[in-house]
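A short write-up of the structure that comes next.
What follows draws every value from the coordinates through simple rules; no lab data is involved. Just so it is clear, the structure is predicted and the values come from calculations on it, not from any experiment. Glycine also receives a Cβ, built like all others from the backbone with ideal geometry; neighbour counts cover every protein chain displayed.
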Amino acid sequence: MSDCAVPAFHGGAQQPENQMVVVVDVERYTRRSSAEQVAISALIEPLVDDALTASGLDEVRRDKRFARNTGDGVVFGCAPAYSPQLLHPFLAELEAALGRCPECLGSEPLRMRAALTSGPLPLHGGPGDGNGEARNQAHRLVDSDVIRHAMAVADPWATRLVAIVSERVYRDTVAAGYGSVHPSRMIEVTAAVDDKSFKEQAWLFVPVPSGGLLRVPEPPARRGGAVYPGRRGGRASGRAAAVRPGDIQAVTQDVSNGMALMGGVVGDIVLGFGSEPGAGGRGPCR
């Protein structure tokens with residue numbers, strides 16, 4: 001018999017139940033005056049609560065888990081079963097609440113970024129409630145470069161809210177067919193926060209897209225298209241010419257200096273910001 005004894009297994013703490021995490025932050029909060037910041041901080045929770053009530057989520061409003069006011073926003077949790085309603089209609093109702101709020105009107109509209117994640121988080125009625133990876137992820141997502149860029153290219157008076165959803169929430173709710181948000185309304189993105197060494201796949205959702213979020217390329221027939229030979233193909237001729245593996249197919253637009261590449265195919269790789277429904281690519285916010 002071997003002298004090597006198998007070490008005893010010492011289990012750690014029991015894994016907590018999954019929680020849904022919602023983080024809402026005010027856009028450009030620190031660029032406002034101190035007096036404006038105080039007034040805005042007092043508005044955030046009532047706006048979120050009104051949107052929850054309008055969405056039929058009074059139970060979530062009354063029983064928020066690990067709820068905290070962060071000054072420029074709020075964070076709270078609830079059961080994952082509410083995930084479909086939080087995606088819709090809650091986000092749309094929050095967008096609407098921002099648009100009709102008299103105190104939110106001024107020289108610069110009040111706008112928000114929202115993040116939805118889920119995962120195991122402690123819930124024992126103590127100070128550590130809600131602390132864990134899912135909550136950290138929500139705060140990183142709401143601060144990521146991609147959601148800030150989406151806010152910047154949208155019209156500030158038309159789009160008051162942009163949301164970002166973790167891969168897990170998308171997979172468990174949207175892709176699984178729960179709720180009323182069609183997968184085509186979500187855009188897969190890479191969310192990064194450089195100073196936090198954070199980089200993850202996530203999904204953007206914009207209840208009311210506008211501005212640059214609605215910009216799509218003109219149809220090729222109006223813009224003109226060309227097929228450029230790749231390493232294995234010659235120049236295509238005729239409208240029915242096939243694109244073989246390795247060919248480079250691109251749609252171009254003449255500009256004042258040179259040529260702009262609006263989209264194309266390099267082998268099996270699709271390039272471009274927009275895509276036709278069902279074409280297999282990821283399109284802009286619609």
* Summing +1 for each Lys or Arg and -1 for each Asp or Glu, what net charge is found among the other residues whose Cβ lies under 13 Å from the Cβ of His149? -> -1
* Under a point spin-label approximation (7 Å from Cα along Cα-to-Cβ), what is the Thr30-Ala42 distance to one decimal in nm? -> 2.5
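Which whole-number percent gives the relative contact order of region 60-143, counting Cα pairs below 8 Å spaced six or more residues apart? All intermediate terms of the calculation are to be shown ahead of the outcome.
Values: 60 pairs, mean separation 18.2, N = 84.
Relative CO of region 60-143 lands at 22 percent.
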* To do: Provide the FRET efficiency to the nearest 0.05 for the Thr53-Asp172 pair, computing r from the beta carbons and using R0 = 25 Å.
  => 0.50
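Two-decimal Rg/Rh of region 60-166 from alpha-carbon positions, Kirkwood Rh? Please report the intermediate quantities before stating the final value.
Values: Rg = 14.6 Å, Rh = 15.0 Å.
Using Cα coordinates only, the ratio equals 0.98.
Assuming 0.36 nm per residue, please report the length gained on full extension of the stretch Glu188 to Ala81 beyond their Cα-Cα distance. Write down the numbers at each step before the final one.
Details: separation 107, 0.36 × 107 = 38.52 nm, distance 2.29 nm.
This chain segment gains 36.2 nm when fully extended.
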* Asked: Do you know the relative contact order of region 74-219, to the nearest whole percent, from alpha carbon pairs under 8 angstrom that are 6+ apart?
  -> 27
